[in-house]
Amino acid sequence: MDNDFIKYQAQTSPYPLGMEVSHAIGSYIYDTNNKKYLDFVAGVSACTLGHQPPRVNQAIKDQLDKYSHVMVYGEYSQSPAVEYCKLMASLLPAPLDKTYLVNSGTEAIEGSLKLARRVTGRSQLISCHNAYHGNTMGSMSVMGFEERKQAFRPLIPDVDFITFNNETDLEKITTKTAGVLLETIQGGAGFIEPQNDFLKKVRARCTEVGAMMILDEIQPGFGRTGTLFGFQNYDIVPDIIAMGKGMGGGMPVGAFTASSAMMDLLTENPKLGHITTFGGHPVIAAACLATLKEITETKLIQEALEKEKLFRSLLVHPLIQEVRGKGLMLAAMTANAEITNEVILKCQDKGLILFWLLFEGCAIRITPPLTISNEEIREGCSIILTVMDEVMASLKK
């Protein structure tokens, strides 16, 4: 099947990992040789509850027995989507009370950008250098990494960039700005957290000039940083939240949330201001509802911070310069990309799945399911340290 994988399925890079998957359960993925791999990546933060989570699987099966797709988004009242949006409103601070369901994180970003322009009547969008918000044309336009987008220009106009945690740059946010889009914790740039109340200062500047503050919670969201959403760690409330990845327990989904007053503007002038065929799909919405209930009705969110402490206590090695991030959104930083590559690939050989970050070549991604056990954390970290010992020995030769 590997040859067919390369021949018939479009690839994202010349060198895919190419593991032929047989099945996955809990914190483990199995290949067709029945070799098991401890998963420290969780589908790049998407499999919040691990693989084959029982509550999510049952919700999918139950909904399949009732109905699947019946109408384009927003015309029929379908209980999984309605219940999900109602529960989300109860868990978020005012005025964030209305959610638009879409199919992916990048679509959530697209909708958020459109909403900011619709609310303000302005065109300028501001994002951050080294930001990643998805790969559709609008999302790529606010990607702060020219190497990845230069081949696809021209992109949408009137976009400017600031540097994350640089307060001087906030002067670029003016009365011409429709929206300021930030990752709550910068992902592709290296899991960089906001410092010195940076998000509060962005919030204040946006309020001052009437710009919309949009937070990309696609990676930090759904319990990964010790709160339901990352912004709740920083004592602010954005105007718009974009979400995805861990929202569906491994199913493809995204959403953006704002106030009713703002979101209702998409229904007129023009009508159908934002539309999607499969957004709010009842089977996907049922998976999202089960995922959200499992996260909020258990201690998984609080445990994420305890598991972070365990990771930090174990990941001590001369090759690890620092561990960045929060909760179970962590990156072990090495001195260079060559070391990082060797560690990731050798760990896979030994049965541990790690991965890269988009723009920071020195980072080793560690974003396991929230359900990972302390024993599994110790098992995986032991593999990392063993591999690092081997790498360090080879460097000394």
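Given N residues in the chain, what is Rg(Cα) / (2.2 N^0.38 Å)?
On the way: Rg = 21.0 Å, N = 397, 2.2 N^0.38 = 21.4 Å.
Here the Cα radius of gyration is 0.98 times the empirical estimate.
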Rounded to whole Hz, the Karplus (6.51, -1.76, 1.60) HN-Hα couplings of the range 35-46, x for glycine and proline: 7, 9, 10, 6, 9, 9, 10, 6, x, 6, 6, 8
Subtract the Cα-Cα distance of residue 145 and residue 163 from 0.36 nm times their separation in residues, and report this length gain in nm to one decimal. 5.3 nm
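Do the alpha carbons of any pairs in 201/245; 61/98; 36/98; 98/201 sit beyond 30 Å of each other, and which pairs? Display every interim value, and only then the final one.
Numbers: 201/245 27 Å; 61/98 27 Å; 36/98 42 Å; 98/201 25 Å.
Among 201/245; 61/98; 36/98; 98/201, the Cα-Cα distance tops 30 Å for 36/98.
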The chain: most fluctuating residue of 386, 257, 12 per GNM, C-alpha cutoff 10 Å: 12
Between 0 and 90 degrees, rounded to the nearest ten: what's the tilt of helix 374-396 against the longest Cα principal axis of the chain? 60 degrees
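With a ≥ b ≥ c the root eigenvalues of the C-alpha gyration tensor of the range 341-391, is it rounded (a/c under 1.5), prolate (a/b larger than b/c) or oblate? Each step should come with its number before you reach the end.
Numbers: a/c = 2.21, a/b = 1.18, b/c = 1.88.
Note, shape of the range 341-391 comes out oblate.
Output the relative contact order of the chain, whole-number percent, from Cα pairs under 8 angstrom with separation of 6+ residues. It would help to have the intermediate numbers written out before the result.
On the way: 788 pairs, mean separation 89.9, N = 397.
The normalised contact order for the chain reaches 23 percent.
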Pop the C-beta distance of residue 390 and residue 314 into the FRET formula with R0 = 25 Å and round what comes out to the nearest 0.05. 0.90
Please check: in the Gaussian network model of the chain (C-alpha springs, under 10 Å), which one of 24, 46, 285 has the largest mean-square fluctuation. 24
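Quick one: length gained pulling residue 305 to residue 275 fully straight, 0.36 nm per residue minus the C-alpha distance?
On the way: separation 30, 0.36 × 30 = 10.80 nm, distance 3.79 nm.
Full extension from residue 305 to residue 275 adds 7.0 nm.
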Can you tell me which of 330, 300, 91 moves the most in a GNM of the chain? Springs connect C-alpha atoms under 10 Å apart. 91
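Here, each number is a calculation from the coordinates, and none is a lab measurement. Computed from a predicted structure; not experimentally measured. For neighbour counting, all protein chains shown are included, and Cβ atoms are generated from backbone atoms with ideal geometry for every residue, glycine included.
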